Amino acid sequence: MTRSAAISIGQFGRPTLSRDGRMMIVSIPISLRRQGGRKKVVTPADAAPWIPPPPRVDSTIVKALVRAHRWRSMLESKIYRTVRDLAKAEHINEAYLGRVLRLTLLSPAIIEALLSGQQQADLALADLLKPFPIEWDKQQAFFNEKQAL
């Protein structure tokens with residue numbers, strides 16, 4: 001008896017029995033997506049979720065937040081006089097350092113959501129490094145609007 005490794009993607013079907021009656025075949029429509037280096041099973045949009053997804057803390061975003069606050073404290077404590085000096089000391093591009101430093105301007109509510117894994121599933125570090133409003137009350141609407149596109 002050989003097992004089939006094929007994944008059937010499509011409409012829900014009724015379970016059927018194999019010809020010999022020893023195996024039940026169940027079709028479940030799924031798709032696989034890579035997210036943060038992991039494979040994620042995504043159910044169809046019209047299907048009701050079985051359980052709520054567990055919070056997923058994105059370590060790349062957390063690392064960027066930590067770096068941003070560390071670099072900000074280094075600049076504020078006058079360890080480095082300019083962003084250029086800090087970028088040279090850290091061996092990174094000055095423009096990248098500036099984009100990451102902007103993360104220190106995120107609202108506390110957004111930072112809390114990022115650190116607890118409650119951010120939107122498709123929010124990536126690249127989205128956070130793009131220009132965003134400085135006003136805290138406009139940031140949430142901005143990131144929600146970006147994700148809807």
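Things worth noting here:
- Among residues of region 63-85 that are in contact (Cβ under 8 Å) with a residue 40 or more places away in the chain and farther than 22 Å from L114 by Cβ, none has a Cβ under 7 angstrom from a residue that is among the acidic types (D, E) and in a helix (DSSP H, G or I) at a sequence gap of 6+ or on a separate chain.
- The single condition among (1) under 28 Å from A113 (Cβ atoms); (2) modelled with pLDDT under 85 that A5 does not meet is (1).
- If only residues of region 8-32 that are in a strand (DSSP E or B) and modelled with pLDDT of 75 or more are counted, the one that is nearest to T43 (Cα to Cα) is I25.
- Of everything listed in (1) modelled with pLDDT of 85 or more; (2) within 20 Å of P52 (Cα to Cα); (3) out of contact with any Phe, Trp or Tyr (no Cβ under 9 Å at 6 or more places or on another chain), the single unmet condition for A121 is (1).
- Test: residue in region 91-114 that is at pLDDT 95 or above and among the basic types (K, R): yes
- H69 being more than 30 Å from I28 (Cβ to Cβ), loosely packed, with under 11 Cβ neighbours inside 10 Å and out of contact with any strand residue (DSSP E or B) (no Cβ under 8 Å at 6 or more places or on another chain): no
The values are calculated or read from the model by the stated rules, or taken from the named source; none is laboratory data. Remember, it's a predicted structure, so these values are computed and weren't measured experimentally. Note that we place each Cβ from the backbone using ideal geometry, even for glycine, and neighbour counts take in every protein chain shown.
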